[in-house]
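Here the structure comes first, spelled out in structure tokens, and everything after it is commentary.
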């Protein structure tokens, strides 16, 4: 081998040795870096929390729909038929008790009353003549000029005349009643809601002509569970929620009968005077009902859904370096729009993750940086 060849072989050996040393150094550095990375503990992430607050007197506000209606409403018409002479009101008019609303043509009735009065006068004259005759016959009987039989016949004639007079007077009074019934008057202060006929039309006996409702005395009818209806206090004011407004109404009475279809008892509330609500509007009765179990409220964002419909919350368990998340199973007793009443293996006063479930895992280190107000 030449000198040049020996030099090339020595140089290759040196290069190969250098490459091995470089690989060993890189591997050791990498292993040290990985060891250093693995030994550094992960930093806790900041989370918002809420404190579990067990309340022995927890309650929920339940809403029960009710309908606003008038305490009194009537469909008014004529008891006897006839031609309508005038209709004094229209839809939307406010009327007071005793105000005339409509009239019938009463000329025929007035003529009948005049004839009945004349007949009454005629029978009254016959009665007066019979009484005079009876007095004279009584004198003759006392003197013995007539028999008792004759006197009894005269007295019977007097009684018959008086009876005819009374019958004629009663017939005249009945016609006057018909005259009074030819006028429709408002039975109470109200608002006219319907006018079904106009002047000149023939009104059938008993058919409705004008509908009215008592607008100043409104009530609310609500279907309630029998137990809840039995706990209402007569005269006490209760809160109702309408379309963005709050109303107060006093409990008056309940039917005490369970409806076969709704299985509810109808409760009646009187609205305060001046309440701005329309007849037929639906309002909701707000009633606080106790929860018959121990538990606490959490926001909906604190609930994590598990398998088979189970739910859980994440409790911040204290450790030496801070807090670690632990999943605890809970039972939902009551779920509302933004909160839920739950019970389970969570101690009173424990810190619970309030939100952000999508960015955490069980066992993760966390740091409570913000605490929300207790859910009530």
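The values are calculated or read from the model by the stated rules, or taken from the named source; none is laboratory data. Just so it is clear, the model here is predicted, and its values are computed rather than measured. Here the Cβ is made from the backbone with ideal geometry for all residues, glycine too, and neighbour counts use every protein chain on show.
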**Study point:** Those residues of region 257-268 which are in a strand (DSSP E or B) and either surrounded by 12 or more Cβ atoms within 10 Å (Cβ to Cβ) or in contact (Cβ under 8 Å) with a residue 12 or more places away in the chain (or both), in sequence order
**Key:** 258, 265, 266, 267, 268
Revision key, fill the gap. Over region 226-237, the set of residues within 14 Å of residue 257 (Cβ to Cβ) and surrounded by fewer than 16 Cβ atoms within 10 Å (Cβ to Cβ) is 226, 230
Check your understanding: Inside region 269-301, can you point out the residues that are loosely packed, with under 14 Cβ neighbours inside 10 Å, at pLDDT 85 or above and assigned to a strand (DSSP E or B)?
Key -> 282
Point to revise | Which listed residue is surrounded by 17 or more Cβ atoms within 10 Å (Cβ to Cβ) and in contact with a helix residue (DSSP H, G or I) (Cβ under 7 Å, 6 or more places away or on another chain), from 141, 131, 175, 179 | key: 175
Study note, to complete from the structure: Selection from region 328-356 of residues assigned to a strand (DSSP E or B) and loosely packed, with under 15 Cβ neighbours inside 10 Å yields 329, 331, 335
Practice item. Look at residue 309 and say whether it is loosely packed, with under 14 Cβ neighbours inside 10 Å and farther than 23 Å from residue 43 by Cα. Key: yes
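The rows are residues; the columns are (1) in a helix (DSSP H, G or I); (2) touching a helix residue (DSSP H, G or I) at 6+ places or on another chain (Cβ under 9 Å).
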| site | (1), (2) |
| --- | --- |
| 83 | no, no |
| 89 | no, no |
| 97 | no, no |
| 103 | no, no |
| 116 | yes, yes |
| 123 | yes, yes |
| 146 | no, yes |
Review point. Looking at residue 113, is it surrounded by fewer than 16 Cβ atoms within 10 Å (Cβ to Cβ) and in contact (Cβ under 8 Å) with a residue 12 or more places away in the chain?
Key: no
Review point. When you scan region 152-253 for strands (runs of 3 or more DSSP E) that lie fully inside it, which ones turn up with 2 or more residues that are under 29 Å from residue 111 (Cβ atoms)?
Key: 183-185, 208-213
